[in-house]
Every structure is written in structure tokens, then in C-alpha cells.
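Have a look at the structure below before the remarks.
Just so it is clear, none of the values below were taken in a lab; they were calculated from the coordinates. Bear in mind the structure is a predicted one, so any value in this text is a computation, not a measurement. No Cβ is skipped: glycine too gets one built from the backbone with ideal geometry, and neighbour counts run over all protein chains shown.
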Amino acid sequence: MTGFLASEFFHNYRRSASAIIGSALMAAFAFAVLAGPFLVAQDPYDIASLNLMDSYKPPVWLPGGDPQFWLGTDGQGRDVWASILYGARISLFIGLVAMVASCTIGTLLGLIAGFYGGIVDSVIMRIADIQLSFPSILIALFLMSAVGTGVDKVLIALTAVGWVVYARTVRGSTLSEIEKEYVQAAKVAGLPNHKIIRKHVLPNVLTPLIVIATIQVGTFVLIEASLSFLGVGVPITQPSLGLLIKNGFDVLFSGLWWTSVFPGVAIMMLVFGINLFGDFLRDELNPRLK
Amino acid sequence: MLGYLLKRLIQMTLVLWVVSVIVFLMMSFTGDPVFMVVPIDASDAEIAQARRLLGLDDSLPVQYWKFLTSLLQGDFGRSYVFRQPAMTLILERMPATVELVLVAMALAIAVAIPLGVYAGANPQSRISRVIMAGSLLGISLPGFWIGMVLIYLFAVHWGIFPSSGRGDTVEIFGIRLSILTWDGWTHIVLPAVTLSLATMAIILRITRAGMMEVGRQDFMKFARAKGATRGDVLYKHGLKNALIPVVTIFGLQLGDLIAFATITETIFSWPGMGKLLIDSIYRADRPVIVVYLMLVALIFVVINFLVDVIYMLIDPRIRLK
């Protein structure tokens, strides 16, 4: 630990305002997601705890506001703040799980393509090329329109668009790693291929993935929000931040802005934090800039 | 050059073919379109009849073959909802989308390039930091949410701009355009701003990075030394050389704008082909979805091709194999 505190990474971290703000925002969200149910009195999914008498209360600083609901309530008397805490859980869960799945599948395919080359390489990379010529949001939208709504389906759609970037990056670094002497030595020593890949190549191609993975969580949160806003993402029983915005949009023209504006602010702060921290990581981990 | 063009043409055809297979497979494994065309109280015989008419009782390869041949013959099927050729429906709405995308792109470029040049030329200044933080915020915002906030402020609260539709249009060569009427402009402002923000942020960041890269080069020092004005150094010598990555991104961004237009059009009820796609997804109107996807795939493939060619023209050092 003292090693880390004295490291160049930590030294730069303390001097970078964007790194500190970014990680503070991420930490705040991690805390809100983990402690959410203990921070609010109301469980927005428990219909018994909702009271229709509390519906459409404005935020506390506006006339008619109720200190019990500082960000106001929606049409069912649901506390907007409680909905955001629970919604952020779903958004962040989807972003993280889809990132881990994309990273695992993409890294595996990239290693295989780079290490073995030949027809396997061509097939994987041509699929990647074709996919990259279309915007992710459109591919995800198309997949969701075919398979229907659901958290599991959103995860599949996001993974289907997310693996490509890892596969390409890992393939590139693998190609340059297998030329190096230590891999050649391992081959001469007679190690089986899977062991060379796992023990020697994999650890050396991971660094660039850290930045991609960080930023991707933010991208996934945004894509999921867009899908849910269009009604082809998560189901109403599991409202993510995007679905909260959609529900709020339906009453926006009656002037009830708080049910949709605050969940959007939450997404913005989450993704902004991730991007700030990701930018810092990119500068730190990119050896070309040093 | 000719060999390269030919190779790219074959590649493009291959991509479109793969897309047609994927679209076909996804569509045939989801839902049963027969219930879209028969009345609710249809008898089993009527359902079987409709199934035969739609060709749904053929085997998958036969269905795909029919699908492909009719696509190639320009027969794209009829919408289940509108009972009109799907292609006509989409082509009717395409000008609205193209108009929105182009206005958004023009707006993004007009704002992003000068700000990016400034931020790249003065990386340490306070204004540059604000610009960069703003651009990071721009890519962190859900676009649809910005659209909603704009609707609330400018349409509901202040009532300056309308919140939906295209407004008055003028017909030119059979294409209806909003940007030629004042009313059309007031309608396009909010959706175009909404759509342009993300692209603006990305072009800004690329321009800045390019300018910082170019700023270290000798020819920039030389231009300064020979006494060129600051503006000339930045724009004539610097920007011209920093533009190459911007052009590549420009193509990708055009694709992204078309994709995100689906969401923007839905929020602002802009009657373009993106809104038609979303409506068709809700109604399971399969022929329209298929035509939209194939058409957009064609557009993307052509854009990518053009970007590569332009890339080659502005930088002859790039040898295309």
C-alpha cells in the first residue's frame, strides 16, 4: 500500500482535478447503489408503500413541495430520489455486467485471432469490420426489436456490440507480443499453446483494455438509457434511469419536469465521472505520452 | 486506383449480402407476421391461406432466396400497417431525416472547429479548459434527455420554439424542405441542436488533438518565423493538416447522426424515416424495418467508401493496397 501511495500513478492522480472529481463521482454512485435501500424510507417497487395522495409533488424548494420528498414525486406518489437510487442500480448493473461480458468474449476472440491467425483470424476480424461500420446504437436497437424487452436481452445486445473493440485491440497487441523473444522461448520450451496464451500473452495485452473498459461502462449506461427511453430496453418492472426519463417525458407537457430531469442529471453525473476518470487513465497508461 | 475501387466494390457488395442474411435470420426467428395481416377473428383456414400468400410455409433457404431475389428486383414488400410499398414509405420520409442530419452536422462543424482550433492552440488557457470540460460533458449526456430539457424550456416554459413537427415546407423537385421557410427553421432548431451536441463534442476533441499534434511540427514554426499572421498560421497551415483525422471521424459521425436521428425524431415527432423505424418496431411492421435496415446499411457502406476515397485525395502519402 505504501508502494502505491509513493507511486507515480498516485502522485499524478493527486494533481489531476479531473481524476479526483471523476473518481469522487464514481465513488458517490457506488455508495448510492450499495446503500440505496438504507438511504430512503420508501421502496419504490413496493406498491403498499406508495400513497396516491403524495402524487405529483414538486421538489421541496418549490411551492407545494414536501420535505419528505426533496426531489418531488411522480404520478403514483413514488419518491423521485428513491426511484433514482433504485434505477441507478439497474443502469450500473447492466453497464458493468455487459462490460465484463464484452471484455471476456472480445479478449478471448482477439487472443485466438492474433495467436492462431489464418482463417479463424479472417473470420473474426471480418465480422468485427462489418460490425464497426454500423453505429452501436443501431445494432443494439435492431437486436432489441427482434428479441423484445428484458434486462437479460439488453445485456446480450450490449455484449453483441461491445466485444469488437476488445477483439481488435487484443489481436493487435497479441500479434506484436508473439514476435517477442519470451513467447518464442516459451514455444521452444514446449509449453502448450493455451498455457502460452494464458500465462505469457494475456498479462501483456491487458493494460490498454483498462481504459476501454472504463469508458465502455459509461457508453453502455447511455445506450441502455436510449433503448429504454425508446421502449425496447428494460421492462417497466425494472425501471433503469433511462426508463424513468421516458416515464417523465410522458407528463412533461403538463409542466411536471422533475420526474424526468433529475434521473437525466443522475445519468449525466455518472457518465461524466466515468469519462473524466477514463481520460486520466488514458493519459497515465499511454506510454507514448510519457 | 481502378483495382482498388473494384476491390472495394466487391467488399461493399459482400457486406450488404451479410447484412441481408443477418436481417433475414433475425426477422424470421422473431414473432409470426401472419397475425399482422389477418383479422383477429380469422379462421384457421384463413390463417393458413395468409401464411401461404406471405410465403411463410416455405423452408428457410427458399424463403431467403425469395427475399433476396425480390430485394434485387426492387420489390421490398408492403407495409402491414399502411398497405403501401415499404420503400415508398421510407423514401417519402427520407428528406426530412437528411435535412435534420445535415443541419445538425453543419451546426456541429461550425461550433466545433473554431473551438477545437482555439483549445488546441492554447492548451493551457482557462477558456480551453472550460471548452474541454464542456465537450466531455457533451459526450456524457443522454441526447434524448437534452432534447426533453430543450422542449421543456423553449416550448413548454417560454414558448419560443414549437416542440414537434416540421412546420411549413417548400417543395423543390418533388422534395419537401423545411429549411426554406421561417416556420420550418423554428421547427428544426431544437431537434438539430439536440442531435448535434454529441457530434460537436467529438469533432471538437479530434480537432484539438490534431492541432496539438500539428503545433509541434517544424512547418508551423517556419510559418510563424516567416511572419504569417496568427490566423493564417492556425487555419491555413495548422488546420489544413489537422483535418485528416477529422475527415475519418466525419464519416463515422454522419452514420451516428443517422442512427441517433431515430431517437431525436421520436422526441420531436419529426416525420423522418427514423421515427418511422421506431413506430414500425412498436407495430412489428417487418417489411418497413427490413427496408430501413437495408437502406441504412447501403448508406453507411457508401459513406465509408467515400471517406476512404477523400482520405486518399487529401493525403497522397496514404497508399491504399
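Numbers below:
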read-out: Distance (nanometres) between label positions extended 7 Å along Cα→Cβ at A:His194 and B:Asp75; value: 5.2 nm
read-out: Cβ charges +1 (Lys, Arg) and -1 (Asp, Glu), total dipole of the protein assembly as shown, debye; value: 2420 debye
read-out: Local electrostatic count, B:Asp218, Cβ distance below 14 Å [Lys/Arg +1, Asp/Glu -1]; value: +3
read-out: Chain lengthening between B:Tyr311 and B:Ser43 when straightened (0.36 nm per residue, less Cα-Cα); value: 90.5 nm
read-out: Efficiency of FRET from Cβ geometry, A:Leu52 and B:Thr248, R₀ 45 Å, rounded to 0.05; value: 0.25
read-out: Mean Cβ neighbour count within 10 Å, used as a protection proxy, ranking B:8-21, B:252-265, B:116-129, A:217-230 highest first; value: A:217-230, B:252-265, B:116-129, B:8-21
read-out: Ordering of B:183-189, A:245-251, B:46-52 by burial proxy (mean other Cβ atoms within 10 Å per residue, highest first); value: A:245-251, B:183-189, B:46-52
read-out: Anchor A:Lys246: aspartates and glutamates whose Cα lies under 13 Å away (excluding residues fewer than 8 positions away in-chain); value: A:Asp74, A:Glu224
read-out: Additional length obtainable on full extension of the chain from A:Ala28 to A:Phe93, 0.36 nm per residue less Cα span; value: 21.9 nm
read-out: In order through region A:95-103: 3J(HN,Hα) via Karplus (6.51 cos²θ - 1.76 cosθ + 1.60), integer Hz, x for Gly, Pro; value: x, 5, 5, 5, 5, 4, 5, 4, 5
read-out: Efficiency of FRET from Cβ geometry, B:Glu92 and A:Ala6, R₀ 56 Å, rounded to 0.05; value: 0.25
read-out: Estimated 222 nm signal from helices in chain B, with DSSP H stretches of n ≥ 4 weighted -39500 (n - 2.57), rounded to 500; value: -24000 deg cm²/dmol
read-out: Lys/Arg +1, Asp/Glu -1 at C-beta; chain B dipole; positive extreme among B:Met12, B:Ala225, B:Pro39; value: B:Ala225
read-out: Spatial separation of Cα centroids for region A:1-41 and region B:34-111, in angstrom; value: 50 Å
read-out: Stretchable slack from B:Val21 to B:Lys7, in nm (0.36 nm times residue separation minus alpha-carbon distance); value: 2.9 nm
read-out: Local net charge near A:Trp258, Cβ-Cβ under 13 Å (Lys/Arg +1, Asp/Glu -1); value: -1
read-out: Charge dipole of region B:95-293 about the Cα centre (unit charges at C-beta), most positive-ward option of B:Leu252, B:Val170, B:Val290; value: B:Leu252
read-out: Proxy reagent accessibility, fewest Cβ within 10 Å first, across B:Met211, B:Met1; value: B:Met1, B:Met211
read-out: Sequence-distant aspartates and glutamates (8 or more away, or on other chains) whose Cα lies within less than 15 Å of A:Lys195; value: A:Glu177
read-out: Distance from region A:48-67 to region B:221-267 (C-alpha centre basis), Å; value: 48 Å
read-out: Rounded FRET efficiency, nearest 0.05, which uses the C-beta distance separating A:Ala41 from B:Ala228 and R0 of 51 Å; value: 0.15
read-out: Acute angle (nearest 10 degrees) that the helix A:136-147 long axis makes with the longest principal axis of chain A, alpha-carbon atoms; value: 70 degrees
read-out: Of the DSSP H helices in chain B, those whose Cα atoms cover at least 24 Å axially and whose Kyte score averages 0.5 or more; value: B:2-28, B:86-121, B:182-215, B:240-268, B:286-314
read-out: Exercise: per-residue mean of other protein chain Cβ atoms within 10 Å, A:136-145; value: 6
read-out: Crossing angle, helix A:207-229 versus chain A [Cα axis fit, 0-90 degrees, rounded to tens]; value: 30 degrees
read-out: Total lysine pairs whose alpha carbons fall under 29 Å of each other in region B:95-293 (8 or more apart, or interchain); value: 4
read-out: Rounded to 10°, Cα long-axis angle of helix A:258-285 versus longest principal axis of chain A; value: 20 degrees
read-out: Packing rank of A:39-51, A:127-139, where each peptide gets the mean count of other beta carbons within 10 Å, highest leading; value: A:127-139, A:39-51
read-out: Rounded, prolate or oblate (a/c below 1.5 giving rounded, otherwise prolate when a/b exceeds b/c) for the protein assembly as shown by Cα gyration tensor; value: rounded
read-out: Peptide A:273-284, shielding by other chains (average Cβ, 10 Å cutoff); value: 1
read-out: Lys, Arg +1 and Asp, Glu -1 on Cβ, resulting dipole of chain A about Cα centre, debye, nearest 20; value: 900 debye
read-out: Relative contact order of region B:95-293, defined on C-alpha pairs under 8 angstrom at six or more residues apart (%); value: 30 percent
read-out: Magnitude of the charge dipole, chain B, Cβ model with Lys/Arg +1 and Asp/Glu -1, debye to 20; value: 1760 debye
read-out: Approximate spin-label separation B:Arg283-B:Ser59, in nm, with each point projected 7 Å along Cα-to-Cβ; value: 3.5 nm
read-out: Normalised contact order of chain A, rounded percent, pairs of Cα under 8 Å and 6 or more residues apart; value: 24 percent
